[in-house]
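S.K.: Just passing along the structure, written as structure tokens.
The values are calculated or read from the model by the stated rules, or taken from the named source; none is laboratory data. Remember, it's a predicted structure, so these values are computed and weren't measured experimentally. As a convention, Cβ positions derive from the backbone with ideal geometry for all residues, glycine included, and neighbour counts pool all protein chains shown. Protein only, heavy atoms only, side chains kept; ligands, DNA and RNA dropped before computing areas. Shrake-Rupley method; radii C 1.70, N 1.55, O 1.52, S 1.80 Å.
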Amino acid sequence: KQEVTQIPAALSVPEGENLVLNCSFTDSAIYNLQWFRQDPGKGLTSLLLIQSSQREQTSGRLNASLDKSSGRSTLYIAASQPGDSATYLCAVTNSGYALNFGKGTSLLVTP
Amino acid sequence: DAGVTQSPTHLIKTRGQQVTLRCSPISGHKSVSWYQQVLGQGPQFIFQYYEKEERGRGNFPDRFSARQFPNYSSELNVNALLLGDSALYLCASSLEGWNGYTFGSGTRLTVV
């Protein structure tokens, strides 16, 4: 059974800092890994999708890496802004049927 | 293009009642999945439908059921509601179910 862990559970940083969110998974036989953002009480917004054959994806100030063999992914956020405050969720797909989510990292960026 | 739309946005039901939640996927997407998210947790997989067939089911009781219609929209039904069913129910659509998902805004269900 796939287990997804996200560390840290919560993070508070001052505006402008670069930061890294971590995601680990127990079964490396994944199709892909997807990072999402969730604002309080809202749905999920997809940030980056990394296919199993890829090593990283970039979108603006966001960069996600994938090391399938070690079961790890990181989400790097450059020059953080207060608008980045949200919960960030990592999810992997094994069988192609279901996303397996971590519990998320709650990020607060203070002005 | 419209994104994934879910209705209703909020719902309050009494224990023992039945509820139906609705989802319309992105145009052209053939796969719809349902997830339950309780406060402080990541979403948990309930069902996936592809081309109107059930393709996967999570660890949820038989009180939960779903279907997908010819236009690829979907309904999630929950019978005999329990207080523990209170959660945010999320619908996600995908072209084929393995190449990335787009989520709707969710339905907040409160059971009292």
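S.K.: (1) more than 10 Å from every other protein chain (Cβ to nearest Cβ); (2) farther than 21 Å from residue A:89 by Cα; (3) touching a residue at least 60 places away in the same chain (Cβ under 8 Å): which one isn't true of residue B:61, the others all being true?
M.R.: The single condition residue B:61 does not satisfy is (3).
S.K.: If you don't mind, another one. Anything in the stretch A:2-29 that is within 10 Å of chain B (Cβ to nearest Cβ) and not polar (S, T, N, Q)? List them, or say none. Give the derivation first.
M.R.: Keep residues of the stretch A:2-29 that are within 10 Å of chain B (Cβ to nearest Cβ), which gives A:4, A:6, A:9.
The answer is A:4, A:9.
S.K.: Would you check which residues across the stretch A:12-32 are modelled with pLDDT of 95 or more and either in contact with a Leu (Cβ under 8 Å, 6 or more places away or on another chain) or within 30 Å of residue A:53 (Cβ to Cβ) (or both) and list them? Break it down into steps so the answer makes sense when it comes.
M.R.: Within the stretch A:12-32, the first condition is being modelled with pLDDT of 95 or more, and the residues that meet it are A:12-26.
Correct list: A:12, A:13, A:18, A:19, A:20, A:21, A:22, A:23, A:24, A:25, A:26.
S.K.: Being over 14 Å from the mean Cα position of the chain (by Cα), in contact (Cβ under 8 Å) with a residue 40 or more places away in the chain and surrounded by 16 or more Cβ atoms within 10 Å (Cβ to Cβ) narrows it down to one residue among B:88, B:76, B:81; which is it? Give the steps one after another, and end with the answer.
M.R.: Values: B:88 fails: over 14 Å from the mean Cα position of the chain (by Cα); B:76 fails: over 14 Å from the mean Cα position of the chain (by Cα).
It is B:81.
S.K.: Out of the residues in the stretch B:73-88 meeting the condition of being outside any strand (DSSP E or B) and of a type outside the set (Gly, Ala, Ser), tell me which one is farthest from residue B:111 (Cα to Cα).
M.R.: First pass over the stretch B:73-88, keeping only residues outside any strand (DSSP E or B): B:73, B:79-86.
Imposing the further condition that a residue be of a type outside the set (Gly, Ala, Ser) reduces the set to B:79, B:81-83, B:85.
On the way: B:79: 12, B:81: 7, B:82: 7, B:83: 5, B:85: 7 Å.
This residue is B:79.
S.K.: Is there any pair with a first residue in the stretch A:50-75 that is closer than 18 Å to residue A:4 by Cβ and a second that is of a type in the set (D, E, K, R) and not in a strand (DSSP E or B) whose Cβ atoms are under 8 Å apart and which are 6 or more apart or on different chains, and what are they?
M.R.: From residues that are closer than 18 Å to residue A:4 by Cβ, the pairs are A:52/A:68; A:65/A:55; A:66/A:55; A:67/A:55; A:71/A:27.
S.K.: If we only count strands (runs of 3 or more DSSP E) wholly inside the stretch A:39-111, which ones have 2 or more residues that are open to solvent by 50 Å² or more (accessible area, probe 1.4 Å) and within 14 Å of chain B (Cβ to nearest Cβ)? Show your work before the answer.
M.R.: On the way: elements: A:44-51, A:56-59, A:62-67, A:72-77, A:86-93, A:99-101, A:105-110.
Where strands (runs of 3 or more DSSP E) fall fully within the stretch A:39-111 and carry at least 2 residues being open to solvent by 50 Å² or more (accessible area, probe 1.4 Å) and within 14 Å of chain B (Cβ to nearest Cβ), they are A:44-51, A:56-59.
S.K.: State the number of residues belonging to the stretch B:9-58 that are open to solvent by less than 40 Å² (accessible area, probe 1.4 Å) and assigned to a loop (DSSP other than H, G, I, E, B).
M.R.: Residues in the stretch B:9-58 being open to solvent by less than 40 Å² (accessible area, probe 1.4 Å) and assigned to a loop (DSSP other than H, G, I, E, B): 6 in total.
S.K.: Does the stretch A:1-22 contain at least one residue that is part of a strand (DSSP E or B), aliphatic (A, V, I, L, M) and under 30 Å from residue B:7 (Cβ atoms)? So that I can check it myself, show each step before the final result.
M.R.: From the stretch A:1-22, those part of a strand (DSSP E or B) are A:4-7, A:10-14, A:19-22; that's our starting set.
The next check asks that each one be aliphatic (A, V, I, L, M); those that pass are A:4, A:7, A:10-11, A:13, A:19-21.
Still in the list and also under 30 Å from residue B:7 (Cβ atoms): A:4.
Looking for residues that are part of a strand (DSSP E or B), aliphatic (A, V, I, L, M) and under 30 Å from residue B:7 (Cβ atoms), one finds at least one in the stretch A:1-22, hence yes.
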